[in-house]
Structures are given as C-alpha cells and as structure tokens.
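The values are calculated or read from the model by the stated rules, or taken from the named source; none is laboratory data. What you see is a predicted model; the values in this text were computed from it and never measured. A quick note on method: Cβ atoms are made from the backbone with ideal geometry, for glycine too, and the neighbour counts reach across all protein chains shown. With ligands, DNA and RNA removed, areas are computed over all heavy atoms of the protein, side chains included. Shrake-Rupley method; radii C 1.70, N 1.55, O 1.52, S 1.80 Å.
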Amino acid sequence: MINLLSVAKLPIDSWVTDGVNWLTKNLSGFFTAIQNSGSTTMDGITNFLTAIPMPIFIIALALISWLLTPKKYGQPLFILIGLALIANQGLWSDLMQTLTLVLMASVVSLVIGIPLGIWTAKSPKAYMVIKPILDFMQTMPAFVYLIPAVAFFGIGVVPGAFASVIFALPPVVNFTYLGLQQVPTDLVEAADSFGATTWQKLFKLELPNAKNTIIAGAKQTIMLALSMVVTASMIGAPGLGRGVLSAVQHADVGSGFVNGIALVILAIIIDRFVQRMNTEPVSAPKLPKWRKLATWAMLAVIAISGIAGSITAHQASGKKVNIGYVEWDSEVASTNVLAEAMRQHGYDVTITPLDNAVNWQSVANKQTDATVSAWLPNTHKALYAKYKNDVDLLGPNLKGVKLGLVVPDYMNVNSIADLTNQANKTITGIEPGAGVMAAAQKTIDSYGNLSGWNLQASSSGAMVSALDKAYKAKQPIILTGWSPHWMFNKYKLKYLADPKGTMGSQESINTVVRKNLKQTNPDVYKVMKKFHWTQNDMQTVMLDIQNGKTPTKAADDWISSHKSQVNAWFK
C-alpha cells in the first residue's frame, strides 16, 4: 500500500491562484462591466434611499407596518424608536448603504437560488452535483471569498455584494429543494390525472405548497447577507460594517456596540416584514380596503420623496477624489486631516478604509486615487516592490518614523539582546499582515535569546488595550511599537535597543497615487504632492481622537489652528 504521507505536497494553492489569475486576465472586460453596472445600480439605490427625508422614511415605514398588522402596535413602535435611535447616533447614511448592500445581495441570491432549488428538486443528477458545492460554499470561511472578490471586481460595494451572494446563496437553494420535496405525493398524482402540464404543476401546485418553506429559506439568506456586511467592509464595502470593523481594530467597545445595535435593529425590521409574507392566509386577518390604499399611499410618498430628493441632490459637485487608508491610528489621523482640508477647498472626497495589502492593490488598479499610508523603505518594502510599476511614489508626507519593540519604562530591560523570559516570552503585536509584524518575526528568528518566543497577532486597538491593562498593574509587556503614536503621549514607554537592526532603520510615511493621476486630475496630484506635516502634528490629532473626538472633529480642530500650513498645500 502506498504511503500517502510520502506523496509530494499537491500545489493546490498554486492551482487556485493560477485559476483566479486566468479568469482575471481573460474575463477582465466581463468583470469590469459587472463592476460598473453594479456600482451604478447600487449607488443609485443608495442615493435614492438617502435622498428620502429621514422623518418621512421613519414615519412612513412605521405606518406601513401598522397598516399591515392590524391591532398590533409593537412592530410599528419598534420601527419608530429603532430607526430614530440610529438616526440619533449619526448612522443614517451608513444604514442606507448597508440596506442597499443587503437588498442587492438578497435579490441576486433569490433570483439565482430559487431556480437552482427547483432544478435540484426536479433532477436527482443536478442535486448530486449542486449539493456538495452548496455545502462547500456554506462551510468555507467567509473571509476567503474576499480574495477572489477583490481580484475580480476591485474594492467597493460590488465585491462586497459578490462575496455576500456566495455566502448567502445556499439556504434558499436548500429550502426550495426541501419545500418542493415535501409537497404531498397524492396532490401531484391528482394533478397528473387531470392532465396538468409540468409548468402548471410547478406554479399552481408545488410552489404554492412550498411557499412557507421557501420564504423561510429566503429569511435565512437575507440574514446571512446581513451578517456579511462587516466582513465585506474589509474590501471597501460601505455601511455599518465599517463602524464595527473600525471599533474592533481600535478596541472601541462603545462604538462597536452602537454600530452593532444598528445592525440588530435593521435585521429585526427586515425579518418582521419578510415574516409577514409567511403568514398563513387562515390566520391573517383580511385587510380593509382603506388600509391597502393607505399602504400604497405611504409607499408612493417614500418613492416620490426619494425621486425628488435625488433630483435636487444631483448637482455638479467639486472635483472627486478617493483616498484609501488603513485603520491604524496614524493613518486615520493623516487621512482625515487631508480629506477635511480638501473638502474645505471644494473637493468631493471619499475616504475608504481597507486592509493594508488591498489598499496598495486598489491604488495600483486605479480603484482609489491615492493613499498617504505608505511606510517606506522597510515596512511596506514588499508591497512597493510588487506594485511600483503601477503607482507613483510622491515622497514623504511625514519624516522620522521609527519602528521597534517597546516596553513600559518600569521594566528593567533596555535591549532586545537582554530579553530572557519577560512577559511570558510573548511579543504583543497588531494585524498579521502589517510590516511591523514581519519585522518582529524576523527579530525573533535572528536573536538567539528569543528562541521559543511567541509573536501574538491582534490589532492596533487590542494591543493598546493590553498595554493599558498591563501598565495599570505594572506588569511586563513587550509591544510592536512605532512613532508617531499617541500611546507615547499617554504612557511612559521606551524602545528596546536593536543591535542587529532587524526592526529596521528610521523611515518615513509616504504618499502614493495611481499611475495616471497627474494627467487626469492635476489639481489633486498637486495637493497630494504638497501634503506634509510633522510627528507632533500627527500625535496631536491622534490623541484628540483617542480622547473622544471623532476623526472629522479632530481634523477640523487641527486645521483651524494650522490654516497657513494647510493653505500651502493648495497653492
């Protein structure tokens, strides 16, 4: 018997990578068409929803709920209070963006899933092929779907919807199959005896009998699509997911709860309206004619106000620019300051939080115009080497950046070479893909005294939370640190000497723009080229954000006190 353990490793990862690359190269026109049409459609839906005056939307939706549920006041009251709470927290625009993503992903999933479910119910061979694929789709970690989504469609709402469709599709297919399989055999035989055609049986007998099961599957699909909004935000999908992801990365419990509760409210509202479709006709009271007319009137009010608002809002705006960034404290500060300064000078600026690798890729693929988050020459060395032919490096916007291993000043150690078993032989780091993490791993591998040490990946927010806990208890902790960072203003910290230089030498944060920005948008290129500030400037904004100001407010305050410096960027 052949020893399977001796067989060479199958290059499955290479096969998958080559397959995705082939599809990206040979079907680029197809993917671009989907990206453009999908973006146009979903942006139109979002603009329509956002254009509806908030009070009209909330009141009309609550009234529709009341008109559809006679003698029940809990749901209309929940809608009224829940949506008012979301609006009060300043999340209305994010809610509309999330609603657009969920609606589009759900509709596409249902349009694909119900016919697939019918096919599998009618064809045992199709079921044998499709069922394992559905099981694969449902059990594969959702994060994996982001990789081909970015490769095919870049960043934004379309790849987010694509990943959501793949993740949310299986339930509606399975429930449709199950519902049709449960149609009583005697009813089918009776239909056959009366000479019913296949289509007559399907639409007049089988689908009506399977309706409740199919709607239950649709509910599952909608909820799974909603659960993907946080994951999809990692590749630029807008909405409430961004707030949750940002809160996780910054260990901000309050912000995470607020955005999370908004998602819960949306999920409950959608669930209750879908449940209304699943009400048995026997138990559902017949609506009076005036209620039906009033319901249609409310829908008409929403539609008219949305169309009117869209027309009013459709005016020529300033020069558009999209800036990508990573949810690190330093990059949140710099990106918001630049964005707010540009808005005050007449530019229409969108800032998109992304994973670091995706951020570089989006600039190279011209999905974003620029980023001011490139740490060179060491931290992002590999990414710059990969994309340098597709981007323009404009130079430093902040100099004197330092990376290293950091400890509280109460720890009696001053060099990496002096470490023995402090902090349980653990270095607390940030996101796994960050350059400082690669440098820290190189440090562990290079220093003999660090044999057996562990590099603990987390996030920048979680790392600082661990520091705060250890600092208050005067416990030892070793961090992957960099400056500028507000933690040096709040805590007494020190860098450990690095005799082997594995953590890299001093570097700078640079501005990188898409390849043809100078030709297509010279004014934006000029601003990007001139943008620069100091470590003290950045740390001031970072500390203000850490102390409770929103990034926009902190940026506005800094701009107000540095007007001459900011104006120089636009001359």
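Residues of the range 89-120 that are under 28 Å from T198 (Cβ atoms) and open to solvent by less than 20 Å² (accessible area, probe 1.4 Å): S109, G113, G117, T120.
List the number of the failed condition for K402; all other conditions in (1) among the basic types (K, R); (2) touching a strand residue (DSSP E or B) at 6+ places or on another chain (Cβ under 8 Å); (3) assigned to a helix (DSSP H, G or I) hold. Evaluating K402 over (1) among the basic types (K, R); (2) touching a strand residue (DSSP E or B) at 6+ places or on another chain (Cβ under 8 Å); (3) assigned to a helix (DSSP H, G or I) leaves (3) as the failure.
When D94 is tested against (1) among the acidic types (D, E); (2) without any contact (Cβ under 8 Å) to a residue 60 or more places away in the chain; (3) under 30 Å from A33 (Cβ atoms), only condition (2) is not met. Considering the range 37-72, the residues that are within 21 Å of A267 (Cβ to Cβ) and of a type in the set (S, T, Y) include one that is most open to solvent (accessible area, probe 1.4 Å), namely T50.
Of the residues making up the range 519-539, those that are open to solvent by less than 60 Å² (accessible area, probe 1.4 Å) and either assigned to a helix (DSSP H, G or I) or in contact with a His (Cβ under 7 Å, 6 or more places away or on another chain) (or both) are D523, V524, Y525, V527, M528, Q535, D537, M538, Q539. Within the range 149-176, the set of residues being touching a Phe, Trp or Tyr at 6+ places or on another chain (Cβ under 7 Å), open to solvent by 20 Å² or more (accessible area, probe 1.4 Å) and at pLDDT 85 or above comprises F162, I166, F167.
Residue-level check: of (1) open to solvent by 20 Å² or more (accessible area, probe 1.4 Å); (2) closer than 30 Å to P148 by Cα, V326 misses just (1).
Among the residues making up the range 334-358, a single one is assigned to a strand (DSSP E or B), within 17 Å of Y525 (Cα to Cα) and of a type outside the set (V, I, T): D348. Scanning the range 177-189 for residues that are part of a helix (DSSP H, G or I) and open to solvent by 50 Å² or more (accessible area, probe 1.4 Å) returns Y177, L178, Q181, T185, D186, L187, E189.
Of all residues in the range 245-296, those satisfying the criterion of being aliphatic (A, V, I, L, M), in a helix (DSSP H, G or I), modelled with pLDDT under 85 and loosely packed, with under 15 Cβ neighbours inside 10 Å are V253, M277, L293. Taking the range 421-518 as the region of interest, the helices (runs of 4 or more DSSP H) fully inside it that hold 3 or more residues being open to solvent by 50 Å² or more (accessible area, probe 1.4 Å) and either under 23 Å from N359 (Cβ atoms) or of a type in the set (S, T, N, Q) (or both) are 435-446.
Suppose we filter L393, L376, L403 for residues that are at pLDDT 90 or above and not charged (D, E, K, R); which single one remains? Before the answer, list the steps.
On the way: L376 fails: at pLDDT 90 or above; L403 fails: at pLDDT 90 or above.
Matching residue, one of L393, L376, L403: L393.
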